[in-house]
Amino acid sequence: MQIPSKYDASKVESKWYDYWMNNNYFHSKPDEREPYTIVIPPPNVTGVLHMGHMLNNTIQDVLIRRARLLGKNACWVPGTDHASIATEAKVVAKLKEQGIDKNDLTRDEFLSHAWDWTHEYGGVILEQLKKLGCSCDWDRTKFTMDDDMSEAVIKVFVDLHQKGLIYRGYRMVNWDPEAQTTLSDEEVIHEERTDKLYYVKYQIEDENEYVTIATTRPETILGDTAICINPNDERFTNLKGKKVIVPLCNRTIPIIEDDYVDIEFGTGCLKVTPAHDVNDKEIGDRHNLEVIDVLNADGSMNSFGLHHEGKDRVVARKDVSKELESLGLLVKTESITHNVGTSERTKAVIEPRLSDQWFLKMEDLVKPAIEAVLGENADIKLFPKKFENTYRHWMENIRDWNISRQLLWGQQIPAYFYGDGKEDFVVAENVEKAIELAKERTGKSNLKAADLKQDTDALDTWFSSWLWPMSVFDGILNPENEEIKYYYPTNDLVTGPDILFFWVARMIIAGYEYKGEKPFKNVYLTGLVRDKQRRKMSKSLGNSPDALKLIEDYSADGVRVGLLLSSAAGNDLMFDEALCQQGKAFGNKIWNAFNLTNLWEINYNIKQPNSSKIALDWYEAKFNTTLVEIEDHFSKYRLSDALMAIYKLIYDDFCGWLLEIVKPAYQQPIDAKTYNKVMSIFEDNLKILHPFMPFLTEDIWQYIAERTPEEALIVAKWPEVKPINKVIISQFDFASEVISGIRNVRKEKNIAFKDAIGFFVINNEKSDAAFDDVISKLGNLDTIEYITEPVEGAMTFRVKSNEYFIPMEGAIDVEAEIKKLTEELNYTEGFLKSVQKKLSNERFVAGAPEQVVNSEKKKEADALAKIETLKASLASLD
């Protein structure tokens, strides 16, 4: 076969991906082999590939490709998430551009637009993952809104409701006024902000006296229904039983007493606004206070806002404060730093809001999931282990999960109302079953579908994705089917620590509830991708590279290597494009090494040189040592360490040493025995590198020999660890230092490599001569002679206690060399005196920082060592 001189990734990558797809290597079905299963964390259906996806999916592909090489039945299930809030926001924005208001559409009309959007943009990210080399079983691609997936979600809702775990409650929830939906507590990000604290006076009814409260939300004053004091606060005993007048609206409200009020905080008087604060709501419940909501769903003021109606809450805040000031009721303002809840998705400031919502009781459901990760016989391991503390905190402080969302895109809650009362509903998997239940409940046998009204809310997206490891194998609808029994529990989950609770913990909860078993054995939590300045990648900062452009510039293999060289489990990844360039250069190095072997002429009649034999024996020992090391790294999910071990083995040991030792002299052939062994070694190198650099390795593998589809690298056999000859590794390490010493002398004295040189050894170490042929070849030595006395007129160096001599007769101008060495010796001795003078100064040693003193001591030690070497070289030239 004609082998290109240069590696062209753009042609190779599409060629081999098509080949893998056409030969169905990615597809899995149950058989007698051990399964190895990964389910992809489903990206948003309308998303595009970003650096976080690149890292996460590279890691998954490394694990799945290695499992294939280990002979396991590797199954990687891909798919996408319908992402209710994000997708609905995009569809609403698109409709707005077309002059269509979402509120003017029926549910079905809006969903038709949402499906059009999904079909147009959905799945783009999965096609992009193919460019990265991801070997997913594309035949199994799932979407959380597929009919069977939605059916499973509804079935679980009905089941949990029947168990008494799902209930409908009028509660204070987290309201996102931009997305206009509720959020679970976990979807609220608390940010530290500096705001104004307004001190406002309320006039006591029928008196000319006032009480002062402090608030960050003066616009909600219009919803106040009481002022509260602590019953033990002696400052306000005169206020007990009185009433105050609410500024602006002039409503009269009572002064009440409750232990909740902190005597030390603020003014000691608390405005109570039950509609807009969770603590105020609890006080209001205890004292039967009226609830007045002053805000619309979009965060603007409603009719209770009086003349501020229609204004956004932030605008109203400023206007109300100005009005209070003009009325002489604003005492003062101060700056206050406090935590403010914001929406994870839209970044809008969250409003506490009272509404009827659906909740899932978590207290009992969570118990098996706590035991599974944190118990004495934990079934699930988190990597890195430090995330167990985060997991414990979330799970032990869990609250009921608000699972309803005021959205259209998503699974519609299967609750059907047959009357106007809050409890006049039934929960069923479809309307037909709902009619039967409603007939039983009401005794009305003539009820029809038109008499029922389905709850308009959709379920939280996480309520579908928490079933993902089961539902992708139809494990909810058909719990005893062959696939769920074979593939579940899955093996490894690779995801980000930011969704440890949102998704990982909930999948564990669902797994124990519906399968009585863990959903996966190991969770590998990757770091967040940051730039070189440690900033989070974001569009607004312009520091997030175009993932596909990176692949175009550096190849998929180069980008995969670049990402993994900079990643570590649980630690943020400082991404630098230079690492992708390093990955590309590594690929070129391997390609050039292959090209070198391809240029060799093979002779079947010549004998194998001893230098080649021992070098091949050494590399085999080195390869097996590295194989043990990378097996250990894989077991601990230290994939970047595994890659670095392979990188060093191939770059340094294979390319830097082995090929240099075995390559034949210019225009000379190589013996067949050495060549065949080198190519066998090359193939083993490709096997262990394949999970990281799949395209390059498959390309070289197919060039080495003609292969049938059954012999492709993607389904080759991972090398088995053989006994390790540790002695030969130690001998080589010693020999490599000797070779480096010879090369240094040649470099210093400008002795060309083509000129053979003499070499003498005083063997104080009693080192084995096994590598003498290797030393001789790489040093281009005339001979190696073992002696007992130093050689006059020679350059010398040491390795441990051995002394080595390279005669300089004829090679250099001895007088010029003596002059040069003498000058260098004089300079170094002068430098040493200046350093020692500093160190003999007690004030300097006592007063200077420790690292400065240590630095001077190191300079002294280095100078002394250099002087010894210079004197030895001068003595040998005399």
Viscosity 1.002 mPa s, temperature 20 °C, Stokes-Einstein D of the range 397-476 from Kirkwood C-alpha radius, µm²/s: 150 µm²/s
About the Cα centre, charge dipole magnitude for the range 124-265 (Lys/Arg +1, Asp/Glu -1 at Cβ), debye: 240 debye
For the range 845-878 and the range 382-404, distance of Cα centres in Å: 56 Å
Furthest towards positive pole of dipole, Gln608, Pro254, Thr346, structure part the chain, Cβ charges: Gln608
Share of carbon and sulfur in the accessible heavy-atom surface of the chain [1.4 Å probe, %]: 48 percent
Where N is the number of residues in the range 199-348, Cα Rg divided by 2.2 N^0.38 Å: 1.03
Added length on full extension, which subtracts the Cα-Cα distance from 0.36 nm per residue, Lys766 to Ser680: 27.6 nm
Hydrodynamic radius by Kirkwood, which averages 1/r over all alpha carbon pairs of the range 1-69, in angstrom: 15.1 Å
Calculated log₁₀ intensity ratio I(q)/I(0) where the Debye formula runs over C-alpha points of the range 167-233, q = 0.14, 0.18, 0.19 Å⁻¹: -0.73, -0.99, -1.04
Interchain or long-range residues, amide H under 5 Å from Thr342's placed H: Ile189, His190, Glu191, Ile350
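Compute the projected area of the convex hull of the Cα atoms of the range 652-704, averaged over all viewing directions, and report it in nm² to one decimal place.
That works out to 4.2 nm², a quarter of the Cα hull's surface.
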Spread of Cα-to-Cα distances over 10 Å intervals beginning at zero, given as percent, for the range 783-878: 14, 35, 26, 16, 8, 1
Rh (Kirkwood; distinct C-alpha pairs) - the range 1-40, Å: 13.2 Å
Charge tally in the Cβ shell below 15 Å around Pro849, where Lys, Arg are +1 and Asp, Glu are -1, Pro849 excluded: +2
Cα-based equivalent ellipsoid, the range 149-282: semi-axes from gyration tensor eigenvalues, Å: 39, 17, 14
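Note down the net charge around Lys777, summing +1 for each Lys or Arg and -1 for each Asp or Glu among other residues with Cβ under 10 Å from its Cβ.
-2
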Evaluated over the range 1-160, the Cα radius of gyration and Dmax, each in Å: 19.5, 66
Leading residue at positive end of dipole, the chain (Cβ point charges), from Val523, Met301, Tyr17: Tyr17
Dimensionless Rg ratio for the range 554-659, taking C-alpha atoms and the 2.2 N^0.38 Å reference: 1.29
Net charge contributed by nearby residues that have their C-beta within less than 13 Å of Ile38 (K/R +1, D/E -1): +3
Largest-first principal axis extents, alpha carbons of the range 751-826, Å: 39, 29, 17
Tail weight of P(r) past 16 Å, computed on alpha-carbon pairs of the range 262-377, percent: 77 percent
For the chain, calculated [θ]222 nm from helices alone, where every DSSP H run of n ≥ 4 adds -39500 (n - 2.57): -13000 deg cm²/dmol
Calculated SAXS-style log₁₀ I(q)/I(0) at q = 0.18 Å⁻¹ - the range 240-302, Debye, Cα scatterers: -0.76
Probe 1.4 Å, protein heavy atoms only - accessible area per residue of the chain in square angstrom: 47 Å²
Amide proton proximity set for Ala74, modelled H, under 5 Å, gap of 5+: Tyr36
Percent of alpha-carbon pairs separated by more than 19 Å within the range 495-636: 72 percent
P(r) weight above 14 Å for the range 825-865, C-alpha pairs, percent: 45 percent
Cα-centred dipole magnitude for the chain, charges only on beta-carbon of K, R (+1) and D, E (-1), debye, nearest 20: 1380 debye
Radius, Kirkwood style, for the range 649-773 when every pair of distinct Cα atoms is counted (Å): 17.8 Å
Alpha carbon convex hull of the range 384-542, volume per residue in cubic angstrom: 183 Å³
GluC sites (Glu not before Pro) restricted to DSSP loop in the range 524-612 with at most 15 other C-beta within 10 Å: Glu601
DSSP-defined antiparallel bridges as percent of all bridges, the chain, nearest 5: 70 percent
Rg in Å to one decimal, and Dmax rounded to a whole Å, for the chain via C-alpha atoms: 37.3, 120
The chain: angle of helix 147-162 to the longest principal axis, Cα-based, in degrees nearest 10: 60 degrees
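The values are calculated or read from the model by the stated rules, or taken from the named source; none is laboratory data. Keep in mind that what you see is a predicted model, and the values were worked out from it rather than measured. Virtual Cβ from ideal backbone geometry, glycine too; neighbours counted across all protein chains shown. These accessible areas exclude ligands, DNA and RNA; they are computed on the full protein's heavy atoms, side chains included. Shrake-Rupley method; radii C 1.70, N 1.55, O 1.52, S 1.80 Å.
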